[in-house]
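The values are calculated or read from the model by the stated rules, or taken from the named source; none is laboratory data. This one's a predicted model, so the numbers in the text were calculated from it and none came from an experiment. Ideal geometry is used to build each Cβ from the backbone, glycine not excepted, and the neighbour counts take in all protein chains shown. Keep in mind that these areas ignore ligands, DNA and RNA; they rest on the heavy atoms of the full protein, side chains included. Shrake-Rupley method; radii C 1.70, N 1.55, O 1.52, S 1.80 Å.
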Amino acid sequence: MMFVHVQPGIAENVYDRDTSAFDFIYFVFTRILGLSSVSLLSVVSGYFIVASLLKADPLSLARSKFKTLVVPLVSWNLVMLVLLVVYGLMTGKWRDMPDPTLLGWANAFFAVTDWPLDVPLWFLRDLFVCCLLSPLLYQALKRFALPTMALLVVYTLFGDDLYLLQRPQLLLFFSLGMWLRIAGTSMITVDRLSLALTVGLVAMGAIFITIRFQRVLLGELDDQLRVTLDTLLRITMAGGLWVLTGLIRHSGFASIFIRLEPYAFALFCSHAILFNFAGIIFRRFFGNYGSDLFPITFFTLPLLAVLCAVIGLQTIRRSPTLLFLLNAGHSVPPWQKTEAKEQDGQEDDRRRARA
């Protein structure tokens, strides 16, 4: 997902170019993998919200989600605003500042009708709306599952102009996760469904790659056709990523992912801010999209974002206020302590192996 927000530094549409090896890689990482990556997260969020609904009343749930979704949404956009002001004072460039209207400022912090300053955080805004609607969705899915899902498909295809969600698809995926939980779907069945969707992902990937090689701009397609193709890609990608996470969970890389998991939320919230400003420096050395050296920027910035998220959270881990504002109130363990635990665990594994 982070690769989507590495800014190319050029005004032209990067997909409307002759396809070199890097153009193909860029398309796969950004348009196929990156833009589709939040679909599984949406399904999982819907799956787990059911347990919350059974334990808390709607008002308590709304208060809880306000703290963990809206507070970071506003806080990180405020960080972005401060940095934009500092950058403007240093360079005299103010083009990324919010429109000087009430709606402009509302969008900047809450993404009411347009993207916020920290663009990826539209997801927090949309997820909060889904959580507010979850009690209604729960009752509808429990009593009229198929008609409800059909109505959500219609909303996905035609709901762009309603401003309920920035991405209408998210409500469909969120509700799909709720439906799986309400129906008591076993993990074995989920795994089988995911494998079937992975087969479909191969077909959807082939379609999108063909579109890229033919230099067909998705924005120029009929709206409903574009949304249908995009939704099919995202739902099959959810299945593919579920299969991939299962493979990772049973691989030698599992410990690395588990160790970095506490930093995922801050990484999600902060990476686009880092890319916005660090990208200016990187592009001066390695050029814009189309330069032979731009791949260095493309692959280095996400790694730098992970490093900064770890350092940043370790720096503020003793401040409950900053953790509340920037990390949904969640702390992280000391890095060295985590490393020591891993070493102890590896030593235990070696002892058991010798025994």
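Would you point out the residue of segment 210-233, among those that are over 22 Å from the mean Cα position of the chain (by Cα) and assigned to a helix (DSSP H, G or I), that is surrounded by the most Cβ atoms within 10 Å (Cβ to Cβ)? Here the answer is ARG212. Within segment 11-39, residues that are within 28 Å of ARG125 (Cα to Cα) sit with their Cβ atoms under 8 Å from residues that are among the polar types (S, T, N, Q) and part of a loop (DSSP other than H, G, I, E, B), at 6+ positions apart or across chains, in these pairs: PHE27/THR19.
Pairing residues of segment 57-74 that are closer than 12 Å to PRO135 by Cα with residues that are buried (at least 17 other Cβ atoms within 10 Å of the Cβ) and hydroxyl-bearing (Ser, Thr, Tyr), at Cβ distances under 9 Å and at least 6 apart in sequence or on separate chains, gives PRO58/SER134; LEU61/SER134.
For segment 11-30, the set of residues classified as open to solvent by less than 50 Å² (accessible area, probe 1.4 Å), more than 20 Å from LEU267 (Cα to Cα) and modelled with pLDDT of 85 or more consists of PHE22, ASP23, TYR26, PHE27, VAL28, listed by residue number.
Is it the case that some residue within segment 287-306 is at pLDDT 95 or above, open to solvent by 30 Å² or more (accessible area, probe 1.4 Å) and touching a Leu at 6+ places or on another chain (Cβ under 9 Å)? Yes, there is a match, as at least one residue in segment 287-306 is at pLDDT 95 or above, open to solvent by 30 Å² or more (accessible area, probe 1.4 Å) and touching a Leu at 6+ places or on another chain (Cβ under 9 Å). The set of residues in segment 79-103 that are in contact (Cβ under 8 Å) with a residue 24 or more places away in the chain and among the hydroxyl-bearing types (Ser, Thr, Tyr) contains only TYR87.
Within segment 278-289, residues that are part of a loop (DSSP other than H, G, I, E, B) sit with their Cβ atoms under 8 Å from residues that are open to solvent by 60 Å² or more (accessible area, probe 1.4 Å), at 6+ positions apart or across chains, in these pairs: GLY287/LEU293. Of GLN314, GLN336, all but one fail to be modelled with pLDDT of 95 or more and open to solvent by 40 Å² or more (accessible area, probe 1.4 Å); the exception is GLN314.
Against the list (1) surrounded by 19 or more Cβ atoms within 10 Å (Cβ to Cβ); (2) β-branched (Val, Ile, Thr); (3) within 23 Å of ALA11 (Cα to Cα), the condition THR236 fails is (3).
From the list ALA254, ALA264, ALA278, the lone residue that is loosely packed, with under 14 Cβ neighbours inside 10 Å and under 30 Å from ASN77 (Cβ atoms) is ALA264.
For segment 31-54, a residue qualifies if it is open to solvent by 60 Å² or more (accessible area, probe 1.4 Å) and closer than 22 Å to PHE299 by Cβ, and exactly one does: LEU33. What do you reckon, is PHE27 under 20 Å from THR297 (Cβ atoms) and either in a helix (DSSP H, G or I) or of a type in the set (D, E, K, R) (or both)? Answer is yes for this residue. The C-beta contact set for segment 174-188 (first residue of a type in the set (Val, Ile, Thr), second residue open to solvent by less than 60 Å² (accessible area, probe 1.4 Å), distance under 8 angstrom, 6+ apart or interchain) comprises ILE182/VAL50; ILE182/TYR138; ILE182/LEU141; ILE182/ALA145. Filtering segment 61-100 to residues that are open to solvent by 60 Å² or more (accessible area, probe 1.4 Å), closer than 18 Å to ILE273 by Cβ and in a helix (DSSP H, G or I) leaves LEU78, VAL82, LEU83, VAL86, LEU89, MET90, THR91. So if I check each of VAL44, VAL71, which one is within 21 Å of the chain's Cα centre (by Cα) and under 30 Å from THR185 (Cα atoms)? The match here is VAL44.
All told, LEU165 meets the bar of being more than 25 Å from PHE22 (Cα to Cα), in contact (Cβ under 8 Å) with a residue 24 or more places away in the chain and out of contact with any Cys (no Cβ under 7 Å at 6 or more places or on another chain).
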